[in-house]
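Below is one structure, written out as structure tokens, with a few remarks after it.
The values are calculated or read from the model by the stated rules, or taken from the named source; none is laboratory data. These figures come from a predicted structure and were not determined experimentally. All Cβ positions, glycine included, derive from the backbone under ideal geometry; neighbour counts span all protein chains shown.
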Amino acid sequence: MVTCTGGSTHRRSRIGRILLAWVLAGGLSGCGDQVQTPSRQQLAAFTAAGSVEPAVDMARIEQAKLYTGPYRVVAGDVLEFTMPALLRAITAAEVQAAQAQTREEQPYICRVSPQGTITLPAVGELAVAGRSLAQIEEQVIDAYHRYVVLRPSVFVRVLEYRTSKAYIAGAVTKPGVYQLKADQRTLVSLLTEAGGIAETGAAAVRIVRAPAPAVEPNGLQAPTVKLVRSATEPLILLPIVGKNIPFRDLALEEGDTVVVEHIRVPLFSVLGLVARPGNFEYPPTAEYTLAQAIAYAGGLDPIADPHYVTIYRQGKDGALVRIVLRLIEKGRFTEALATPIRPGDVVAVEHTPRTRTNTAINNLLRINAGVFISGNDLWNNN
């Protein structure tokens, strides 16, 4: 008589596997996630934290704001006056020569002194620095009016502009040193001379003020000139609007250095129990939430079935701040998924005792064909 024992052996093997699962569940009951959620104070501290960013000093920007309008003469400019030759005559002989030769207007050329003055025949010194050409014409006419009966005709133009050096480097088409006249000594003019901001865009513009010269007496020898930078004056920082336009134009000073900073796209990281952990770009115009961050990483690990996530963030003082959020409660996603994620954040979906048990049970039982049981079946849905 032949006895068939194949069916009973299969049933005993299946029953043994089920009993093993129940033994594991009973031995590990009570482990749970063992995660403590944050207090209100911890949540407030985490929300207030953020990456350290350079401050924009609006007071410094206001001091360097650009004044628009007609060109105003500066020391070092060369002016050309077109006026009757009679106005240039000082001696009686010169007056007679001017009257006998011609009544045509003759040019008179002079340079604006470091003190901002010019010297005209018969009149003497006139302060012209900071004045427009129209104002200087009126000033000269008034000065000569007492010497002539009729109101003279005077025309003035800048024959040679005084130029100032400005340096520009970084994310521009043609970095280098440029000579700018007084009415071109602005940030936008310098950017234009340099061919504009590079196609890759820029993150910010830094303006480094040249140190101020300090003259120190040195006995009978020539005075010593030292460059002194005030430690209390920060650099001027301008954010970029879009990719190529600073949010306002500024007047530059002699020797300023303009650094156009390249764009460095910040990152956020997602680690742990997700499908594709890694670093992800955070564009300047984006506003990501925790749900989107996890989605970028391919979603949560379905085997471990994590219910909690930890977000690490650097505070303004450089200290690391962390917060633990519950993602799933009673089988449903929580409002924690709407938590804003900031550039530089690290989202860590870390193991808990429950997720480790889920993973261990799955690894143990998946080698046995025909057993359809997972770690999730061993826990209450909470």
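Here are the numbers for this structure:
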quantity	calculated
Subset of the range 276-289 [part of a loop (DSSP other than H, G, I, E, B) and either under 23 Å from the mean Cα position of the chain (by Cα) or of a type in the set (Val, Ile, Thr) (or both)]	282, 283, 284, 285, 286, 287, 288
Residues of the range 328-343 satisfying the condition of being farther than 13 Å from residue 270 by Cβ and not basic (Lys, Arg)	328, 329, 331, 333, 334, 335, 336, 337, 338, 339, 340, 343
Filter result (in contact (Cβ under 8 Å) with a residue 24 or more places away in the chain and closer than 17 Å to residue 206 by Cβ) within the range 155-182	166, 167, 168, 169, 170, 171, 172
Selection within the range 301-321 - loosely packed, with under 15 Cβ neighbours inside 10 Å, among the charged types (D, E, K, R) and in contact (Cβ under 8 Å) with a residue 40 or more places away in the chain	316
The listed residue being at negative phi, part of a strand (DSSP E or B) and at pLDDT below 90, out of 168, 207	207
The range 332-366, subset part of a helix (DSSP H, G or I) and of a type in the set (Val, Ile, Thr), residue surrounded by the fewest Cβ atoms within 10 Å (Cβ to Cβ)	359
Selection from the range 290-331 of residues that are farther than 19 Å from residue 273 by Cβ and in a strand (DSSP E or B)	313, 314, 320, 321
Of all residues making up the range 191-204, the number that are assigned to a strand (DSSP E or B) and among the β-branched types (Val, Ile, Thr)	1
Checking residue 221 against (1) polar (S, T, N, Q); (2) outside any loop (DSSP other than H, G, I, E, B); (3) at pLDDT below 70, the condition it does not meet	(2)
